[in-house]
Amino acid sequence: MTHKILVATGGGDCPGLNAVIRGIVKRSRLEQDEWKVYGCIESFNGILKDKIEIVELTEEMVSGLHVKGGTIIKTTNRGGPFHFPVKQPDGSWVMEDRSQLMKQRLEELGIEAVINIGGDGSQGISMELLKIGIPVVGVPKTIDNDLSSTDFTFGFQTAVQIATEAFDKLVTTAESHNRVFIMEVMGRDAGWIALHTALAGGAEVCIIPEIPYDARNIVKKIETRYKNGMGFCNIVIAEGAKKADGKVTGSAPEAVGDPHIKLGGVGDVLRRELIDLGIEHDVRVTVLGHLQRGGTPVAYDRILATEFGVKAFELVKEHKYGNLVVYRHPNISYVPLEEALKKPHLVQPDRDFLVHTAKSIGICFGDE
């Protein structure tokens, strides 16, 4: 008997996505029954478009894939089964609900289950698909590490490694020029990348969304690093950082079908604040941006992603739909999608020992 699975990768790209795909395909080959694994091009767009775009993922295709960044089946954070953008004759766009079309096409193709690899937005779609009768298994994906149901998400450790290596380089140039360097990293509403990078890189200041900052406190910290105009200071700031008024820095989405606010620019905002408060030192800003998302995944993420892929296939094989694969040390397990999405995994300033550690070695968070 032949079984068919459809795999989709949604949201932002992330180191380790290909390792998940490889894990699913290679695990499926151990079964006595024949299993065919198909990739849906550009998340679910491949099956929602007027012309279907899916591809069979063979063992030859995934050979050596665990070391490759990105995703061979492409990804997108625009549209989806319930809000698919359709261009009208007059050039305007409308959002169509194509979920029933998706269900119909899956049935026509003989696909009995979907493995959806993505973050909270993608898994929200997984829940909705489950409600209309599409068997789904979710795999958590985000460099932000902001899903509370799993100890870690693959891609996070790679993003931290990339950010730390960049920060190490900024430290030496800051010292050489007596400069203040602000490095802006990703993370959206979660400060995990910034916090880990600050600790690993030896930052003097770390600004995260969970701790609103007062620029005056940052100025005080900077001045402790200078004597007679000589010195340097390195700051890590998360893209979702906010002042006491709670406002974030970003812009409205421009792409059709993309609902997400485009965070970014908070490093420049902080630079201007520091200058307005009288900082006379040369302040420079570096935005890492998508550098954190690309490239070869580190060993940790390759392993975790492969484990997730194997577990996802086994959940499909056992008909345990409606669940999200998770890592809860030391086990790879699963939880219901509804439970997984109840709350985000954010830094808890009064409880996380990482924050205590950072403050204990003199890192300033701008709150005091």
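The values are calculated or read from the model by the stated rules, or taken from the named source; none is laboratory data. Quantities reported herein were computed from a predicted structural model and do not represent experimental measurements. Because the Cβ atoms are built from the backbone with ideal geometry, glycine has one as well, and the counts that use them run over all protein chains shown.
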Take Gln348 and tell me if it is farther than 23 Å from Ala8 by Cβ and of a type in the set (S, T, N, Q). yes
Name the residue, out of Gly16, Gly12, that is crowded, with 19+ Cβ neighbours inside 10 Å and on the phi < 0 side of the Ramachandran plot. Gly12
From Glu338, Glu318, which residue is farther than 30 Å from Lys221 by Cα, among the acidic types (Asp, Glu) and assigned by TED's automatic domain parsing to the domain that holds Leu6? Glu318
Taking the stretch 39-79, which residues are touching a strand residue (DSSP E or B) at 6+ places or on another chain (Cβ under 6 Å) and under 26 Å from Val298 (Cα atoms)? Gly39, Cys40, Ser43, Leu57, Thr71, Ile73, Thr75
Does Met95 satisfy the criteria of being surrounded by 18 or more Cβ atoms within 10 Å (Cβ to Cβ), more than 30 Å from Ile303 (Cβ to Cβ) and of a type in the set (A, V, I, L, M, F, W, C)? no
As an exercise: evaluate Ile182 against (1) over 24 Å from Leu263 (Cα atoms); (2) not in a helix (DSSP H, G or I) and give the number of the one condition it does not meet. (1)
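Okay, residues lined up against (1) in contact (Cβ under 8 Å) with a residue 24 or more places away in the chain; (2) out of contact with any Leu (no Cβ under 7 Å at 6 or more places or on another chain):
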{"site": "Gln123", "(1), (2)": "yes, no"}
{"site": "Pro135", "(1), (2)": "yes, yes"}
{"site": "Pro140", "(1), (2)": "yes, no"}
{"site": "Ile143", "(1), (2)": "yes, yes"}
{"site": "Ala159", "(1), (2)": "yes, yes"}
{"site": "Lys169", "(1), (2)": "no, yes"}
Given the criterion touching a Cys at 6+ places or on another chain (Cβ under 9 Å), within 27 Å of Lys169 (Cβ to Cβ) and of a type in the set (Lys, Arg), identify the matching residue among Arg293, Arg271, Arg302. Arg293
Condition first: in contact with a strand residue (DSSP E or B) (Cβ under 8 Å, 6 or more places away or on another chain) and buried (at least 24 other Cβ atoms within 10 Å of the Cβ). Now tell me which residues in the stretch 191-204 satisfy that. Gly191, Ile193, Ala194, Leu195, Thr197, Ala198, Ala203
Condition (residue is touching an Asp or Glu at 6+ places or on another chain (Cβ under 9 Å) and within 15 Å of Ile207 (Cα to Cα)) applied to the stretch 275-286: is it met by at least one residue? yes
Residue that is surrounded by the fewest Cβ atoms within 10 Å (Cβ to Cβ), among those in the stretch 148-175 that are part of a loop (DSSP other than H, G, I, E, B) and in contact with a helix residue (DSSP H, G or I) (Cβ under 7 Å, 6 or more places away or on another chain): Phe152
Only listed residue being more than 26 Å from His290 (Cα to Cα) and touching a His at 6+ places or on another chain (Cβ under 7 Å), chosen from Met102, Met95: Met95
Would you say Glu314 is more than 30 Å from Asn234 (Cα to Cα) and among the acidic types (Asp, Glu)? yes
Show the residue pairs meeting these rules: Cβ distance below 8 Å; 6+ apart or different chains; first residue within the stretch 208-232 and outside the structural domain of Asp189 (by TED's automatic domain parsing) and on the phi < 0 side of the Ramachandran plot; second residue assigned to a loop (DSSP other than H, G, I, E, B) and hydroxyl-bearing (Ser, Thr, Tyr). none
